[in-house]
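Trainee: Have a look at this one.
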Amino acid sequence: MLKYFIFMLTVFGLNGCISTQNLGLDNNLKLENEKKISTFDSCTNFSYISQSTNNKYDKLFIEYINLDNFCKWNGLQRGYFVDLFKSTIKAKSFRLIERIEHNNSEYNTYLIDEKYYVNMIYKYTVFEDLFIIDYAGIYTTEQIQSFDKSYNNLYLDKPRFSSNYSNSLVRMNFLNSYFTRESEGYEN
């Protein structure tokens, strides 16, 4: 019994050390001056929001969500993120101008209040979602050009939206039920 207890303690201890790194979507994203803040919910694992300001990309906001295997989204993830962003910045109008899809990624350009442009990137796997607000549009352009060399971002020189957005789907889940734990089974 003691050996079993020590074995389990070792497994959980090693698992805790290994699991602090996310396994997929955000591994390719290495940014300078990044300020990560962990976000917590009973349905998420190692989720966070991040703000980065650097010379290459200007300002980026990132929300990474790693949903637990026993939880599910109650709607469309990108729609929830865009809606929370829209309501937080109190936009009078918010219109999709351009959407480019590639593999498990969407690259979107929005026009806010008919005068400011902002780019949003949405990347996803089965249990992971990565949302990026690209205020300058430079990171978005670089990502699209990695698979489409001929892409020209027509909105880079237009007036750009800027804010210090820091809201989170994970933090707001308690109020808005963006995702919930699936029921274990049905009783007959």
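The values are calculated or read from the model by the stated rules, or taken from the named source; none is laboratory data. Predicted, not measured: the structure shown is a model, and the values here were computed from it. Heads up, the Cβs are rebuilt from the backbone with ideal geometry, glycines too, and the neighbour counts pull from every protein chain shown. SASA here: full protein model, heavy atoms, side chains in, ligands and nucleic acids out. Shrake-Rupley method; radii C 1.70, N 1.55, O 1.52, S 1.80 Å.
Trainee: Any residue in segment 146-164 that is part of a loop (DSSP other than H, G, I, E, B), in contact (Cβ under 8 Å) with a residue 40 or more places away in the chain, open to solvent by 80 Å² or more (accessible area, probe 1.4 Å) and charged (D, E, K, R)?
Mentor: For segment 146-164, residues part of a loop (DSSP other than H, G, I, E, B), in contact (Cβ under 8 Å) with a residue 40 or more places away in the chain, open to solvent by 80 Å² or more (accessible area, probe 1.4 Å) and charged (D, E, K, R): present.
Trainee: Given the criteria outside any strand (DSSP E or B), open to solvent by 30 Å² or more (accessible area, probe 1.4 Å) and either modelled with pLDDT of 95 or more or not basic (Lys, Arg) (or both), does PHE85 qualify?
Mentor: Details: outside any strand (DSSP E or B): yes; open to solvent by 30 Å² or more (accessible area, probe 1.4 Å): no; either modelled with pLDDT of 95 or more or not basic (Lys, Arg) (or both): yes.
Criteria not met by PHE85.
Trainee: Could you tell me whether THR141 is open to solvent by less than 70 Å² (accessible area, probe 1.4 Å) and over 17 Å from the mean Cα position of the chain (by Cα)? Walk me through how you get there before you give the answer.
Mentor: Numbers: open to solvent by less than 70 Å² (accessible area, probe 1.4 Å): yes; over 17 Å from the mean Cα position of the chain (by Cα): yes.
The answer is yes for THR141.
Trainee: When you check PHE131 against the structure, is it over 19 Å from GLN51 (Cα atoms) and either part of a helix (DSSP H, G or I) or open to solvent by less than 40 Å² (accessible area, probe 1.4 Å) (or both), yes or no?
Mentor: On the way: over 19 Å from GLN51 (Cα atoms): no; either part of a helix (DSSP H, G or I) or open to solvent by less than 40 Å² (accessible area, probe 1.4 Å) (or both): yes.
No: the conditions fail for PHE131.
Trainee: Out of ARG78, ARG181, ARG171, report the one residue that is closer than 23 Å to GLN51 by Cα, open to solvent by 50 Å² or more (accessible area, probe 1.4 Å) and touching a Ser or Thr at 6+ places or on another chain (Cβ under 8 Å).
Mentor: Numbers: ARG78 fails: touching a Ser or Thr at 6+ places or on another chain (Cβ under 8 Å); ARG181 fails: closer than 23 Å to GLN51 by Cα.
Selected residue: ARG171, the only one of ARG78, ARG181, ARG171 that is closer than 23 Å to GLN51 by Cα, open to solvent by 50 Å² or more (accessible area, probe 1.4 Å) and touching a Ser or Thr at 6+ places or on another chain (Cβ under 8 Å).
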